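Remarks on the structure that follows.
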Amino acid sequence: MHCQPPLKTLVYNWLNNNRACLLCSEPAEQRYPLCVACEAELPWLEDGCQVCALPLPMNGLTCGQCSRRAPAFHRVEAPWHYGFPLDALISRFKYQRQWPLGRLLAQLLGRWLMHRYSEGLARPTALLPVPLACRRLRQRGYNQAAMLARWLAGQIGIPCNERVLKRQVDTPAQQGLSARARQRNLRLAFTVEHAEAIEGRHLALVDDVLTTGATAQALASLLLKAGAARVDVYCLARTAKPGSA
């Protein structure tokens, strides 16, 4: 089994000593290893649903699904839509153990959230990473959502709690499933422990990518039933509706 990486040693040393841009290898000339030009080329999500952040043609709209039936979570905060080159960066972090890329993306997400807080976005009292099942965690050796949440917590000053949510059923992978199949797949998959730690509190789920929102919906519903007052979702990227540009 691959051990969880020492987040305060190798990754931080790499980021502090290597100032070449991770995308073009030119000098980054910033406090993080990404040059201004490449940062501007990331697929920034400028127009999205006010609730679930689904990419839309105009800003300030609510998508049809959220209009018909409001989700359990209050809102989704995602700086980017899931497109090139961000999709490759997330994949390399998630599946190839390139943790410095994850640390960079968490840093950029933290900067985005601090900007949103300055605009009036309500700050949660705790960050909760989306959990992995024990078998999948043993196989992969780490939970990328937990790593993002820990890095994010240190940057924005909101504690990360990894003890509240547990995945009790090792469901098949969500990738490639329809929205309805994902919902069936996640039924009874999660449980809340230490409910007293979340009663009456504003929480934020942390994950890498939001696709159909089925996982976020299942977890938010569970947390609200356990006594949480509000649940937001923080993620790196939001996918577009299938078939759209």
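Of all the criteria given as (1) at pLDDT 95 or above; (2) under 24 Å from Q217 (Cα atoms), the one not satisfied by R111 is (2). Among the listed residues L101, L121, which satisfies the condition of being under 27 Å from Q30 (Cβ atoms) and either free of Cβ contacts under 8 Å to residues at least 24 places away in the same chain or crowded, with 20+ Cβ neighbours inside 10 Å (or both)? From the options L101, L121, the qualifying one is L101. Go over the candidates A122, A88 one by one and state the one that is over 14 Å from the mean Cα position of the chain (by Cα) and modelled with pLDDT under 95. None of the others qualify; the one that does is A88. Which one is farthest from W151 (Cα to Cα) among residues in the range 87-109 that are assigned to a loop (DSSP other than H, G, I, E, B) and polar (S, T, N, Q)? Once the filter is applied, the top-ranked residue is Q96. Residues in the range 125-136 that are surrounded by fewer than 19 Cβ atoms within 10 Å (Cβ to Cβ), modelled with pLDDT of 95 or more and not hydroxyl-bearing (S, T, Y): A126 alone. Answer with yes or no whether T239 is at pLDDT 95 or above and within 27 Å of M58 (Cα to Cα). The answer is yes for T239. Among residues that are at pLDDT 95 or above and over 23 Å from P71 (Cα atoms), A149 is not included. Among the residues making up the range 38-82, those that are of a type in the set (D, E, K, R) and touching a helix residue (DSSP H, G or I) at 6+ places or on another chain (Cβ under 9 Å) are E39, E77.
Restricting the range 156-193 to residues that are surrounded by 12 or more Cβ atoms within 10 Å (Cβ to Cβ), at pLDDT 75 or above and of a type in the set (A, V, I, L, M), the residue that is farthest from L127 (Cα to Cα) is V169.
Per the listing G227, G200, the residue uniquely surrounded by fewer than 22 Cβ atoms within 10 Å (Cβ to Cβ), touching an Asp or Glu at 6+ places or on another chain (Cβ under 6 Å), outside any helix (DSSP H, G or I) and at pLDDT 95 or above is G227.
It is to be established whether one or more residues within the range 70-86 are free of Cβ contacts under 8 Å to residues at least 24 places away in the same chain and either part of a helix (DSSP H, G or I) or closer than 15 Å to A237 by Cα (or both). Within the range 70-86, none of the residues are free of Cβ contacts under 8 Å to residues at least 24 places away in the same chain and either part of a helix (DSSP H, G or I) or closer than 15 Å to A237 by Cα (or both).
The values are calculated or read from the model by the stated rules, or taken from the named source; none is laboratory data. In this text the structure is predicted, and so the values were computed from the model without any measurement. All Cβ positions, glycine included, derive from the backbone under ideal geometry; neighbour counts span all protein chains shown.
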